[in-house]
Amino acid sequence: MELQNISGSAGGVPLAVDFDSPLDYLVFIFQLLLGTTAVLLSGTVAIGILATKTLRIQNRFIFMLNTSICDTLVGFSVYYLGLFDVYEGYPPRNGTYNVLPSFLGVNILTFLFAQFDRYFAVCHPFIYGRFVTTHFVVGVNVYVWVYNFAHILARNLIPASKAADLFVFSVLFLQGVILAKVAMTIKLYVVAKYQLEREPPSAERDGKAESLRIIIFVVVSFLALWAPSFVNIVLRFVFGMGLRFANEALNPFATLARLSAVCTSAVYVWGSPALRGAMRRTVWGRVCPRCKRRVGSSQEKGEALGMATRRWVNLQRFKLTNKA
């Protein structure tokens with residue numbers, strides 16, 4: 001598709017669509033809802049972790065916090081990339097020097113480090129407890145941001161031809177990261193399915209299983225949503241093929257990638273009762289005190305029943321393992 005200004009606005013940055021058809025209204029409303037949902041959900045997750053000391057001192061929640069902050073920024077970026085006539089490719093139009101799209105790159109590296117974190121925490125707990133401290137995990141997350149923006153800065157300062165070569169190199173490097181993420185996802189699934197079942201029932205075992213389940217679901221959903229955009233980028237810049245779109249709002253692959261900002265936080269909330277409780281106490285309970293009491297009582301009953309059921313199932317598995 002030819003790159004052009006499709007709105008025909010005379011001043012400022014025009015809107016992404018010209019509202020000539022019902023599809024234009026649907027695209028605009030969807031992008032608006034996507035950005036708002038990502039900001040509210042991911043922002044609530046980040047606030048819940050920051051405001052709860054028992055969560056923010058745990059390494060796995062530090063990784064969750066980093067991705068939630070990033071997803072909140074992705075949600076805010078949708079208000080520009082998804083609502084206005086913006087093209088971040090070559091040559092760019094009304095672009096942000098690739099700063100806003102780069103937030104997705106932060107999540108890719110963060111998930112990879114989080115996978116390694118969970119692997120060593122479960123498979124090598126003594127080494128993990130000795131060397132992987134909270135300060136070390138915070139430093140890893142800071143490094144991800146520094147590396148990402150150093151890469152963006154380099155691409156914007158060097159000549160356009162060299163910047164294009166650097167972009168192609170980053171795509172190839174990203175392929176290696178994706179392969180590593182897939183390999184680690186398979187490894188974590190094997191660990192969750194076979195190794196943890198041999199451990200006796202305990203709160204520590206349940207915590208390890210919960211953290212592995214969350215990171216596996218998060219990475220799988222992230223890769224599934226981001227894969228179409230990644231394949232299209234590789235086809236365009238490496239093989240000279242692929243699809244081009246008028247702007248970021250009309251790019252379904254980029255929209256799917258930004259949808260991961262909602263899915264990631266949704267998986268966090270689904271998989272962690274402690275995070276749900278923190279969000280209820282620090283955010284939604286203050287916004288709606290009546291909802292806090294109603295949801296709190298029902299959730300406490302549900303969590304108690306679920307905990308009792310899990311303990312019974314774990315006990316039966318432990319007995320069967322000892323008999324075998």
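The values are calculated or read from the model by the stated rules, or taken from the named source; none is laboratory data. None of these values were measured; they are calculated from a predicted model. Glycine gets a Cβ as well: all are built from the backbone with ideal geometry, and neighbour counts include every protein chain shown.
Among the residues of the stretch 156-195, those that are of a type in the set (Ser, Thr, Tyr) and either in contact (Cβ under 8 Å) with a residue 60 or more places away in the chain or surrounded by 13 or more Cβ atoms within 10 Å (Cβ to Cβ) (or both) comprise Ser170, Thr185, Tyr189. Restricting attention to the stretch 236-256, does a residue exist that is charged (D, E, K, R), at pLDDT below 85 and assigned to a helix (DSSP H, G or I)? Within the stretch 236-256, one or more residues are charged (D, E, K, R), at pLDDT below 85 and assigned to a helix (DSSP H, G or I).
If you check Leu259 against the conditions, is it within 27 Å of Asp18 (Cα to Cα), at pLDDT 85 or above and either among the aliphatic types (A, V, I, L, M) or within 21 Å of the chain's Cα centre (by Cα) (or both)? The answer is yes for Leu259. Scanning the stretch 70-89 for residues that are closer than 14 Å to Ala266 by Cα and either of a type in the set (Val, Ile, Thr) or surrounded by fewer than 23 Cβ atoms within 10 Å (Cβ to Cβ) (or both) yields one hit, Thr72.
It is to be established whether one or more residues within the stretch 205-226 are within 25 Å of Gly89 (Cα to Cα), modelled with pLDDT of 85 or more and either touching an Asp or Glu at 6+ places or on another chain (Cβ under 8 Å) or not in a helix (DSSP H, G or I) (or both). No, there is no match, as no residue in the stretch 205-226 is within 25 Å of Gly89 (Cα to Cα), modelled with pLDDT of 85 or more and either touching an Asp or Glu at 6+ places or on another chain (Cβ under 8 Å) or not in a helix (DSSP H, G or I) (or both). A single entry from Leu153, Leu174 fulfils the requirement of being under 18 Å from the mean Cα position of the chain (by Cα) and within 17 Å of Leu109 (Cβ to Cβ): Leu174.
What's the number of the only condition in (1) in contact with a Cys (Cβ under 9 Å, 6 or more places away or on another chain); (2) of a type in the set (A, V, I, L, M); (3) modelled with pLDDT under 90 that Val106 fails to meet? Unmet condition: (3).
Per the listing Val13, Val17, the residue uniquely in a loop (DSSP other than H, G, I, E, B) and touching a strand residue (DSSP E or B) at 6+ places or on another chain (Cβ under 7 Å) is Val13. Of all residues in the stretch 133-152, those satisfying the criterion of being over 17 Å from Ser170 (Cα atoms), surrounded by fewer than 17 Cβ atoms within 10 Å (Cβ to Cβ) and among the aliphatic types (A, V, I, L, M) are Val138, Val142. Scanning the stretch 32-64 for residues that are modelled with pLDDT of 95 or more, surrounded by fewer than 23 Cβ atoms within 10 Å (Cβ to Cβ) and within 24 Å of Tyr119 (Cα to Cα) yields Ala46, Ile62.
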